[in-house]
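The values are calculated or read from the model by the stated rules, or taken from the named source; none is laboratory data. Computed from a prediction, not measured in an experiment: that's the story for all the values here. Every residue, glycine among them, receives a Cβ derived from its backbone with ideal geometry; neighbour counts consider all protein chains shown. For the accessible areas, the whole protein counts, side chains as well, though only heavy atoms, and no ligand, DNA or RNA atoms are used. Shrake-Rupley method; radii C 1.70, N 1.55, O 1.52, S 1.80 Å.
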Amino acid sequence: MHVLTNMNHGLQQTVRDMNDQAAELQALDTKVVSPDGYDAPGQVSSAYDLTLIARNGMTKPDFREYAATARAAFPGIRKPGEKKRETFEIQNTNRLLTGDFGVPPYQGIAGVKNGNTTHAGATFTGVAERNGRVLLVTVMNPSSEEQHAVYRETARLFDWGFAALGKVEPVGELVPPRSARTGTHASAGAAEPAPGKNAPAQPVQAVAAGRTGGSGPRWPWRAGSSCSRGRGVLVNRRWPLAVAAARRRDRGGEE
């Protein structure tokens with residue numbers, strides 16, 4: 001993140017850009033002080049805002065691919081006079097994507113981001129897809145003392161959400177970006193056109209077979225549910241995942 005910050009003309013410019021993007025997404029609880037995400041005086045966000053930000057990220061093919069990559073081969077380095085080091089594997093720390101002791105990979109998981117700081121505790125925003133339906137869940141600092149509580153609680157919310165589809169009334173909808181309301185396209189977060197009738201019935205399986213291009217989520221996304229000390233937000237919408245993301249996940253990061 002520090003490298004990207006330097007490439008973007010430094011700390012002040014990057015913080016300004018991030019706060020401008022939060023305002024565009026109507027993430028009104030969010031204030032960025034440090035681009036790296038570590039605790040900083042005055043830096044705050046909410047489960048609702050993290051869901052808005054994740055939704056926006058998942059409209060971008062590159063972001064979807066990175067978020068869904070479980071493992072990747074990292075290139076070695078060559079020092080003067082030394083033999084080039086072999087590639088080595090790096091692994092995503094999203095335990096619902098890679099699995100861990102007591103936490104199996106979640107069926108249909110495709111991202112998004114985990115984190116843990118002293119003040120925020122364990123946080124996680126996840127997206128999963130089953131039978132052509134997509135859910136996005138955010139959990140912040142669950143009160144449970146169980147190991148990997150943030151992932152277990154996310155999995156339980158996913159289970160509830162998939163089981164409840166079509167059986168419950170949503171409590172509301174996530175707000176669209178400001179540019180979507182005005183009809184402008186100044187931001188990458190602007191709304192996309194509705195999906196065509198040829199969208200596959202089972203997007204995950206279809207992208208693995210290379211039959212879809214991986215279009216992004218559309219408005220509106222329905223929100224609901226609360227959990228523990230933090231807040232969980234469930235949203236759902238149809239959208240096929242990126243072809244390359246599915247292939248990388250299936251092949252352990254190699255193509």
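Here are a few things to note about the model shown:
- Some residue of region 72-80 being under 19 Å from the mean Cα position of the chain (by Cα) and either modelled with pLDDT under 95 or not polar (S, T, N, Q) (or both): yes
- Condition check for Tyr106: of a type in the set (Phe, Trp, Tyr), at pLDDT 95 or above, open to solvent by 20 Å² or more (accessible area, probe 1.4 Å) and under 29 Å from Ala23 (Cα atoms): no
- Single residue of region 1-30 satisfying the filter (outside any loop (DSSP other than H, G, I, E, B) and of a type in the set (S, T, N, Q)) that is surrounded by the most Cβ atoms within 10 Å (Cβ to Cβ): Thr14
- Qualifying position, being among the basic types (Lys, Arg) and buried (at least 22 other Cβ atoms within 10 Å of the Cβ), among Arg133, Arg64, Arg71: Arg64
- Qualifying residue in region 125-136 (condition: touching a strand residue (DSSP E or B) at 6+ places or on another chain (Cβ under 7 Å) and small (Gly, Ala, Ser)): yes
- Pairs are defined by a Cβ separation below 7 Å, a sequence spacing of at least 6 or placement on different chains, a first member in region 31-50 that is part of a loop (DSSP other than H, G, I, E, B), and a second member that is surrounded by fewer than 17 Cβ atoms within 10 Å (Cβ to Cβ) and among the β-branched types (Val, Ile, Thr); the pairs so defined are Tyr38/Thr117; Asp39/Thr117; Asp39/Thr118; Ala40/Val33; Pro41/Val33; Gly42/Val33; Gln43/Val33.
- Enumeration of residues in region 23-38 that are touching a strand residue (DSSP E or B) at 6+ places or on another chain (Cβ under 8 Å), closer than 18 Å to Ala54 by Cβ and either among the hydrophobic types (A, V, I, L, M, F, W, C) or modelled with pLDDT under 95 (or both): Gly37
- The residues on offer are Thr125, Thr87, and the sole one that is of a type in the set (S, T, N, Q) and closer than 30 Å to Met18 by Cα is Thr125.
- Test: residue in region 74-92 that is closer than 30 Å to Pro41 by Cα, out of contact with any Asp or Glu (no Cβ under 7 Å at 6 or more places or on another chain) and surrounded by 12 or more Cβ atoms within 10 Å (Cβ to Cβ): yes
- Residue-level check: of (1) open to solvent by less than 20 Å² (accessible area, probe 1.4 Å); (2) in contact with a helix residue (DSSP H, G or I) (Cβ under 9 Å, 6 or more places away or on another chain); (3) in a helix (DSSP H, G or I), Arg55 misses just (2).
- For beta carbons closer than 6 Å, sequence separation of 6+ or different chains, a first residue in region 1-27 that is more than 18 Å from Ser45 (Cβ to Cβ) and in contact (Cβ under 8 Å) with a residue 60 or more places away in the chain and a second that is in a helix (DSSP H, G or I) and open to solvent by 70 Å² or more (accessible area, probe 1.4 Å), there are no qualifying pairs.
- Some residue of region 137-149 being polar (S, T, N, Q), modelled with pLDDT under 95 and outside any loop (DSSP other than H, G, I, E, B): no
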